[in-house]
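The values are calculated or read from the model by the stated rules, or taken from the named source; none is laboratory data. Worth saying up front: this structure is predicted, and the values here are computed from it rather than measured. Neighbour counts run over all protein chains shown; Cβ positions are idealised from the backbone, glycine included.
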Amino acid sequence: MKTLEGKTAFITGGSTGIGLGMATVFARQNMNVIITDIREEALAGAQQQLSQISDQVLTLNVDSTDVDALTAAATEVERAFGALHVLCNNAGIPGGAKVLETPEAGWRKTHEVNFWGPLNGIKVFLPHMLEHGEEAHIVNTASFSGIHGHGHQSGYGTSKFAVVGLSEFLRNDLADTNVGVSVLCPHVVDTPIIEALKSRVSDNVVAMIDDMAVAAETVGAQVMRAILTDEFYVFCDGSDTRKMLQQRCEDMLAAMDRQFPNAP
């Protein structure tokens, strides 16, 4: 996309954290911004904060796992602002421990919100984005835990791996259309989820998190850049995350070398 000014963005889970970071950056670009959440108090706080930047902000109480609610929201967006140009499937929840220690309900809840939520958003909004024919973009929020399996995050991590795969296939599908695709893969961002995590870990881990954490508005700026340049993978972190990704890739290539030692 050449510019965001005057365009319309819809952000699920937009009242706090990364979603609010994106909404703040978009509002400063003079976009029409719609944010959704299921927490009324958080929505009211976000509305108050964003209203200091723009009067083109709409908040909606929408559960992204509810297709009917998303469909009703799509109608409201069109009534208020017309065509949608940027869809950010951002709503998500943490969850999961070791595989055998994660209850069935935990598996289902993380996948329902983190994977089916973005898929629902795509199915509801994408047809209209293709139909209006203007430059448009979809951003799916995954995680670095959807790129590199580290720690014990069974439900959460596998749902985010699924979002990365969904985004890769969607980009293939939309290669010759007016709609671009990005997948956001943050590692440690200064959000309420990370704050909650810090209360459950050792002081050493807290210090490491504080050292790595990126501001939510910084992530929003990185997402904006990806939309404008049609960048697919959006990484938000520094050298430690890069080392983890490099090691993963080297491990895969080393396995291929062992299994096909004579390959050119």
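Within the stretch 80-91, can you find the residues that are within 17 Å of ASP55 (Cβ to Cβ) and out of contact with any strand residue (DSSP E or B) (no Cβ under 6 Å at 6 or more places or on another chain)? Please lay out each step first, then the result.
Taking the stretch 80-91 as the starting set, the residues that turn out to be within 17 Å of ASP55 (Cβ to Cβ) are 80-82.
GLY82 - this is the single residue of the stretch 80-91 that is within 17 Å of ASP55 (Cβ to Cβ) and out of contact with any strand residue (DSSP E or B) (no Cβ under 6 Å at 6 or more places or on another chain).
Kindly indicate which of LEU70, LEU58, LEU4, LEU43 is under 18 Å from ASN114 (Cα atoms) and modelled with pLDDT of 95 or more. Talk me through it step by step, then tell me what you get.
Details: LEU58 fails: under 18 Å from ASN114 (Cα atoms); LEU4 fails: under 18 Å from ASN114 (Cα atoms); LEU43 fails: under 18 Å from ASN114 (Cα atoms).
Every option except LEU70 fails the conditions.
Out of GLY14, GLY19, GLY6, I need the residue that is within 19 Å of SER64 (Cβ to Cβ) and in a loop (DSSP other than H, G, I, E, B). Which one?
Details: GLY19 fails: in a loop (DSSP other than H, G, I, E, B); GLY6 fails: within 19 Å of SER64 (Cβ to Cβ).
Sole residue among the options that is within 19 Å of SER64 (Cβ to Cβ) and in a loop (DSSP other than H, G, I, E, B): GLY14.
Taking the conditions exactly as written (touching a Ser or Thr at 6+ places or on another chain (Cβ under 9 Å), under 22 Å from VAL219 (Cβ atoms) and of a type outside the set (Lys, Arg)), does THR24 satisfy them or not?
It is false that THR24 is touching a Ser or Thr at 6+ places or on another chain (Cβ under 9 Å), under 22 Å from VAL219 (Cβ atoms) and of a type outside the set (Lys, Arg).
Mind listing just one residue for me: the one in the stretch 28-50 that is more than 19 Å from LEU70 (Cβ to Cβ) and of a type in the set (S, T, N, Q) and, of those, farthest from the chain's Cα centre (by Cα)?
Here the answer is GLN48.
For GLY96, state whether it is crowded, with 20+ Cβ neighbours inside 10 Å, more than 16 Å from the chain's Cα centre (by Cα) and either assigned to a helix (DSSP H, G or I) or at pLDDT below 95 (or both).
Yes, satisfied.
Consider LEU58 against the criteria (1) within 26 Å of THR158 (Cα to Cα); (2) of a type outside the set (Lys, Arg); (3) not in a loop (DSSP other than H, G, I, E, B): it satisfies all of them except one. Which criterion is unmet?
Tallying (1) within 26 Å of THR158 (Cα to Cα); (2) of a type outside the set (Lys, Arg); (3) not in a loop (DSSP other than H, G, I, E, B), LEU58 fails exactly one: (1).
Could you list, in sequence order, the residues of the stretch 8-31 that are surrounded by fewer than 24 Cβ atoms within 10 Å (Cβ to Cβ), more than 14 Å from THR141 (Cβ to Cβ) and not hydroxyl-bearing (Ser, Thr, Tyr)?
Matches in the stretch 8-31: ALA27, ARG28, GLN29, ASN30.
Within the stretch 105-163, take every residue that is of a type in the set (A, V, I, L, M) and part of a loop (DSSP other than H, G, I, E, B) and give me the one that is surrounded by the most Cβ atoms within 10 Å (Cβ to Cβ). Steps first, please.
Of the residues in the stretch 105-163, the ones of a type in the set (A, V, I, L, M) are 105, 113, 119, 122, 124, 126, 129-130, 136, 138-139, 142, 147, 162-163.
From what is left, the residues that are part of a loop (DSSP other than H, G, I, E, B) are 142, 147.
Working: ALA142: 27, ILE147: 21.
The residue in question is ALA142.
From the residues in the stretch 115-148 that are hydroxyl-bearing (Ser, Thr, Tyr) and without any contact (Cβ under 8 Å) to a residue 60 or more places away in the chain, which one is nearest to VAL189 (Cα to Cα)?
Here the residue is SER143.
Taking only pairs six or more apart or across chains, which ones have beta-carbon atoms under 7 Å, a first residue in the stretch 216-233 that is farther than 16 Å from THR16 by Cβ, and a second residue that is loosely packed, with under 15 Cβ neighbours inside 10 Å and of a type in the set (A, V, I, L, M, F, W, C)?
Within 7 Å, no pair qualifies.
Please identify the pairs in which a residue from the stretch 174-186 that is under 27 Å from LEU245 (Cα atoms) and in contact (Cβ under 8 Å) with a residue 40 or more places away in the chain has its Cβ atom under 8 Å from the Cβ atom of a residue that is aromatic (Phe, Trp, Tyr) and part of a strand (DSSP E or B), counting only partners at least 6 apart or on another chain.
That search, which allows pairs on different chains as well, returns SER182/TYR233; VAL183/TYR233; CYS185/TYR233; CYS185/PHE235; PRO186/PHE235.
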